[in-house]
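What follows is a single structure, written as structure tokens, with notes after it.
The values are calculated or read from the model by the stated rules, or taken from the named source; none is laboratory data. Just so you know, these numbers come straight off a predicted model, no measurement behind them. Positions of Cβ are generated from backbone atoms using ideal geometry, with glycine treated the same way; all protein chains shown enter the neighbour counts.
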């Protein structure tokens with residue numbers, strides 16, 4: 001009789017930090033962010049289109065980079081009227097690229 005093993009994650013496993021994205025994934029994320037920011041600049045006059053673009057960008061970046069909390073403030077910043085003139089998504093991806101490599105100091 002075959003026995004199927006079921007892997008159960010402990011709470012500590014679910015809180016483990018995500019791996020740093022590869023250069024390929026970061027490059028792809030920067031490309032998606034750049035295209036979104038350029039399109040966002042031209043959709044400032046049509047807020048519903050801009051909302052769809054920003055939610056779609058957040059979803060695609062979520063798929064590329066994984067679960068990153070930095071994506072949520074980026075989505076909130078893009079919801080502010082007039083922020084389409086700034087490259088928010090490029091700054092979000094840059095912050096993920098920079099701050100993912102910084103480790104928190106271990107306190108004794």
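When segment 75-85 is filtered for residues that are farther than 23 Å from residue 63 by Cα and either assigned to a helix (DSSP H, G or I) or free of Cβ contacts under 8 Å to residues at least 24 places away in the same chain (or both), the ones remaining, listed by number, are 80, 83, 85. Checking each residue in segment 56-70 for being without any contact (Cβ under 8 Å) to a residue 24 or more places away in the chain and crowded, with 16+ Cβ neighbours inside 10 Å picks out only 58.
A quick yes/no check of all residues on (1) at pLDDT 85 or above; (2) more than 11 Å from the chain's Cα centre (by Cα); (3) in a helix (DSSP H, G or I); (4) at positive phi:
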position: 27; (1), (2), (3), (4): yes, yes, yes, no
position: 53; (1), (2), (3), (4): yes, yes, yes, no
position: 73; (1), (2), (3), (4): yes, no, yes, no
position: 106; (1), (2), (3), (4): no, yes, no, no
